[in-house]
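Heads up, the thing below is written out as structure tokens.
Values quoted throughout were computed directly from the atomic coordinates according to the rules given, and no laboratory measurement underlies them. As the structure is a computational prediction, the values presented were derived from the model and not from experiment. In this analysis, Cβ positions are derived from the backbone assuming ideal geometry, glycine residues included, and neighbour counts consider all displayed protein chains.
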Amino acid sequence: MKNIPFSKITIGKEEERAVRDVFRSGWVVLGPKTLEFEKAFAKYVGAKYAVFVDSGTSALFLAIKAAEYKEYVTIPSLTFVSGAEVVHHAGLEIRFADVDIDTLCVDMDHLHCLPTNLAGVRAKAKGKVIDSCHRIEKNDVRGSSSLWCYSLYATKNISCVHGGMIALNDKSQYEWLLMARDHGMTKGTAQRYKGKDPTYDVLFPGWRMKGNDLMAVIGLEQLKKLPKITQRRNEIVKLYNKKLGQKRKGNHLYWIFVYSRRDFIKEMFRAGIQTSIHFRPIHTFTAYKNTKADLPITNYVEDMLVSLPMYPQMSNADVDRVCEAVLKTKRLV
């Protein structure tokens, strides 16, 4: 019997051909394919602008700088550690908020908040920046005044292998981000090497966080597949809900609560099924243990959370097998 991995990437022959064509073009760095990808991505999520960067972490960091948070940023502790590290490196105080037990998302309306769309669920909270690294849905950004940050890492719903995107509707922030990702330069790579005038200025100390055309063409092909990927992921969530008696929403991760998590994970592994944990709360890590936090729900669910396999190539039979293994452990809460 085959093993069921936790995740599988959806890159195929279309992406291979696109990468080959970029190599043959002689231009692999930030250029025309990056711009094409940014426009296509912005259209999909309903934004006026999009800025392609080298990771979701870079997207969060640059968005925080563009949004000009003052003094502190409030984030959920129940998210990936990059949420805290970008706040720290932006020179701001980290404050943690608790989550709703049904969605595992924060529910607050505060200018200093940076909510996470955990597992693909759209958080009710509002903030100047939205961590949407788990969620890419049509028209989410339409009319929004927030900067939405996306991850295009290998495990995400679509992937450039390594990349991120910032989607937004503010022109001045967009123009600043274009420079900020590329050392603060007034001209991008293609403008400097393909334009008539290669001279440029550096308006402020920036960062080296830009994407490139090689990753962009992978993203373009993945974006074409996203509607079908989303449909299949939604179908898998419904199957899991029906078989396990849950009411989960979101289509990036499928999480459950279990008793004796370590034993549960071992039993699933012996059954040939890989699981994962999303996430160990940030305030429990050594680097952040001195951060003040009153988080009763986060602390309560910390040792019970497990994520089940979730990828569009899963068959209904695969989902049935995972559910049978889960129920056999008799550890589902």
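Of note:
- Prolate/oblate/rounded label for the chain (Cα gyration tensor, a/c 1.5): oblate
- Put a dot 7 Å past the Cα of Arg262, heading toward its Cβ, do the same for Arg208, and the two dots end up 4.2 nm apart.
- Signed unit charges on C-beta, dipole axis of the stretch 140-258, positive-most listed residue Leu244, Ala154, Gly143: Leu244
- A straight Cα-to-Cα reach below 12 Å connects Lys247 with the aspartates and glutamates Asp102, residues fewer than 8 places away in its own chain not being considered.
- Between Ile218, Ile101, Ile282, the GNM of the chain built on Cα springs shorter than 10 angstrom shows Ile101 fluctuating the most.
- Normalised contact order of the chain, rounded percent, pairs of Cα under 8 Å and 6 or more residues apart: 24 percent
- Those aspartates and glutamates that a straight Cα-Cα span of less than 14 Å connects to Lys224, excepting residues fewer than 8 apart in one chain: Glu14, Glu15, Glu36, Glu38, Glu137
- Each of Leu244, Leu118 was scored by other Cβ atoms within 10 Å of its Cβ. Listed from fewest to most, they are Leu244, Leu118.
- Efficiency of FRET between Phe285 and Asp107 - r from beta-carbon atoms, R0 22 angstrom, step 0.05: 0.40
- Entries in Lys2/Lys138; Lys65/Lys292; Lys33/Lys126 that, when Cα-Cα distance is taken, lie over 25 Å: Lys2/Lys138; Lys33/Lys126
- Cross-link reach is defined here as a Cα-Cα straight distance under 16 Å, omitting same-chain residues fewer than 8 places apart; for Lys266 the aspartates and glutamates meeting it are Asp303, Glu324.
- Amide H to amide H, with H built 1.01 Å from N, Cys113 comes under 5 Å of Thr74, Lys128, counting only residues 5 or more places away or on other chains.
- The alpha carbon centroids of the stretch 13-49 and the stretch 231-295 are separated by 33 Å.
- Result for the chain in a Gaussian network model with C-alpha springs under 10 Å: among Val19, Val217, Val73, the largest mean-square fluctuation is at Val19.
- Cα-centred dipole magnitude for the stretch 13-219, charges only on beta-carbon of K, R (+1) and D, E (-1), debye, nearest 20: 760 debye
- Taking amide H atoms as placed 1.01 Å from N in the peptide plane, the amide H of Ala97 lies under 5 Å from those of Ile75, Ser77, each 5 or more residues away in sequence or on another chain.
- Our analysis of the stretch 34-189 gives Rg over Rh at 0.94, with the two radii drawn from alpha carbon positions and Rh computed by the Kirkwood formula.
- For the stretch 2-88: rounded, prolate or oblate by the Cα gyration tensor [a/c cutoff 1.5]: oblate
- In a DSSP loop and with at most 15 other Cβ atoms within 10 Å, the chymotrypsin sites (Phe, Trp or Tyr not before Pro) in the stretch 264-321 are Phe285.
- Gain upon complete extension [Lys124, Lys242; 0.36 nm per residue less C-alpha separation]: 40.0 nm
- Trypsin sites (Lys or Arg not before Pro) lying in DSSP loop within the stretch 250-333, provided at most 16 other Cβ fall within 10 Å: Lys289, Lys292, Lys330
- Among the trypsin sites (Lys or Arg not before Pro) found in the stretch 46-112, those both in a DSSP coil and sparsely packed, with 11 or fewer other Cβ atoms within 10 Å of their Cβ, are Lys70.
- Over the stretch 41-127, the hull volume per residue, using the convex hull of the C-alpha atoms, is 104 Å³.
- Cα-only Debye scattering, the stretch 226-329: base-10 log of I(q)/I(0) at q = 0.22 Å⁻¹: -1.16
- Candidates Tyr259, Tyr44, Tyr240: whichever shows maximal mean-square fluctuation once the chain is modelled as a Gaussian network with Cα springs under 10 Å: Tyr259
- Counting all C-alpha pairs of the stretch 103-163, share separated by more than 19 Å (%): 28 percent
- The stretch 1-103, relative contact order in percent, only Cα pairs under 8 angstrom and at least six apart counted: 17 percent
- Using the Cβ-Cβ distance between Arg192 and Lys138 with R0 = 45 Å, the FRET efficiency computed as 1/(1 + (r/R0)^6) comes to roughly 0.80.
- Cα shape, the stretch 20-69, gyration tensor, a/c 1.5 rule: oblate
- Close amide H contacts of Leu147 (hydrogens built in the peptide plane, cut-off under 5 Å, sequence separation of 5 or more or a different chain): Val129, Ile130.
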